[in-house]
1. Would you list 221, 28 from fewest to most Cβ contacts within 10 Å?
2. Share of Cα-Cα pairs in the stretch 24-313 beyond 24 Å, in percent?
3. Multiplying the sequence separation of residue 282 and residue 181 by 0.36 nm and subtracting their Cα-Cα distance, what value in nm do you get?
4. Working from the alpha-carbon coordinates of the stretch 32-109, get Rg over Rh, Rh being the Kirkwood radius.
5. Is any residue of the stretch 1-26 close enough, with backbone N under 16 Å, to a label point placed 7 angstrom from the Cα of residue 36 along the Cα-Cβ axis, and if so, which?
6. Roughly how many whole Å is it from the C-alpha centroid of the stretch 163-234 to that of the stretch 30-54?
7. Per the helix-only calculation at 222 nm, which mean residue ellipticity applies to the chain, given -39500 (n - 2.57) for every DSSP H run of n ≥ 4 and division by its residues, nearest 500 deg cm²/dmol?
Amino acid sequence: MTARCNGRCRTCLWRDPRLTELDTETVKWLYAEAGHAGVAQLVVWGGEPLLRQDLPELLLAARRAGLLTTLITNGWFLDARWGELHGLVDALILSLDDIGPAHDALRGLPGLYERMEAFATAVRDDPLRPTLLVNTVLSTLNRGALARVAPVAARWHAGLYFCPMETGFVTAANVDAPLADMALPAEEIRAVARTAVALKAAGFPILASRPYLDLLARDPKLRDYTCRAPRARLTVGADGLARDCSDIDRPLADVRELRAAGEPLSRVFRLPGYRRMLERSRTCTKCNNPDVIELSWLWDFRPAMLRKVAELTSL
Ligand code: SF4
C-alpha cells in the first residue's frame with residue numbers, strides 16, 4: 001500500500017519514500033476488481049500502511065468488495081488511528097522482532113514496544129477485536145528472539161509467526177541479496193526450528209505447522225517444496241505494478257493502465273507473462289518465507305494446513 005515508513009529497520013527491503021503511490025480511487029477500483037475476480041483476502045502491508053490517511057476508506061472498499069482484510073503494521077500509530085479502523089480489520093499482524101527496548105532499537109522507534117503492549121491490552125476484550133497475530137523476523141540482529149517473543153504473544157492472546165529474514169529480491173537469474181550478511185547461518189536456523197517445536201509443545205502460540213518446522217530443521221535453505229504461491233495470490237506494489245514473483249524486474253501489468261484502458265483486473269490472469277510465471281513456479285524454490293511454503297501446501301490441501309486453518313479461526 002505504501003513504501004513510506006516511520007521505522008528504520010535494517011532488515012527491510014521495501015522502504016522507498018520516492019515511490020509514487022496509487023491514488024485512493026485506483027486502489028478502490030483495484031479492490032472492487034479483486035472481489036469480482038474471486039479473490040478472497042486482501043493483505044495490506046508496506047512500508048507502514050497506517051501512514052496512508054485514506055486507509056479506513058480503502059479497507060471499507062475492500063470489505064464492500066467481499067474481501068477479508070488483513071493489516072500488517074509496526075503498531076506505532078494504532079492508538080491514534082484505531083478508532084477509524086475499528087471493525088474494518090479481520091486480522092491484524094503486529095511486527096515484533098524482540099521485546100522492550102531491544103525491539104525499539106531494531107525499529108528505530110523508541111517507545112514502540114510500550115505502545116504495542118498498551119494496544120494489545122486495550123483491545124483484549126473488544127468484541128470487534130480482529131484476529132491478532134505477531135510476526136517475528138529472525139536475523140543476526142535478534143538472536144534468540146523467538147523464545148523472548150513467545151510469552152509476549154501468549155499474553156497478548158495472539159498467534160505467533162516467525163520467518164528467517166528475506167535477504168533480497170528475486171530476479172530472473174537468481175536472488176539479488178543485498179542483506180545476505182544479516183541472515184542467520186543454517187545451523188542457527190536449525191536451532192530455531194528446534195526451539196519452535198519445544199515452544200509449541202509447551203503451549204506457546206507458535207503458528208508454524210509441524211511439517212514446516214520439520215522442513216526448516218532438515219533443510220534450513222527451504223528448498224524441498226513445490227511452490228503454488230503465484231497460483232494463490234497476486235502481489236500489487238504500492239506503485240500499482242502487479243509483480244512477477246520470480247522476476248521483480250519484469251512486472252506483469254500496471255493496474256493504472258488496466259483501469260485507464262477499461263480492462264478488468266482479471267486480464268492479468270490471461271497474460272502470457274502470468275502463465276510463464278506459473279510455469280516457472282513448478283521448479284522454483286527461491287523464496288524462504290513460511291507464508292509461501294505453507295500457502296503452497298494449503299493449495300495442495302495437505303491435512304496439516306487444514307488443521308492450521310481451523311487453528312487460526314479459533315484465535
Ligand atoms: S518460490 Fe514461489 S513465490 Fe517465490 S519466486 Fe519462486 S514461484 Fe515465486
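Throughout, read-outs are computed from the coordinates displayed, never taken from laboratory work. The structure presented is a predicted model; accordingly, all values stated were derived computationally and were not measured. In this analysis, Cβ positions are derived from the backbone assuming ideal geometry, glycine residues included, and neighbour counts consider all displayed protein chains.
1. Working: 221 11, 28 19.
Fewest-to-most ranking of 221, 28: 221, 28.
2. Working: 22832 of 41905 pairs.
In whole percent, the long-distance tail amounts to 54.
3. On the way: separation 101, 0.36 × 101 = 36.36 nm, distance 2.90 nm.
Stretched out fully, the residue 282 to residue 181 stretch lengthens by 33.5 nm.
4. Working: Rg = 13.9 Å, Rh = 13.5 Å.
Rounded to two decimals, Rg/Rh equals 1.03.
5. Residues 25-26 qualify, since their backbone N sits under 16 Å from the label point.
6. Each part reduced to its Cα centre gives a spacing of 25 Å.
7. On the way: 13 runs with 128 residues, N = 315.
That comes out to -12000 deg cm²/dmol.
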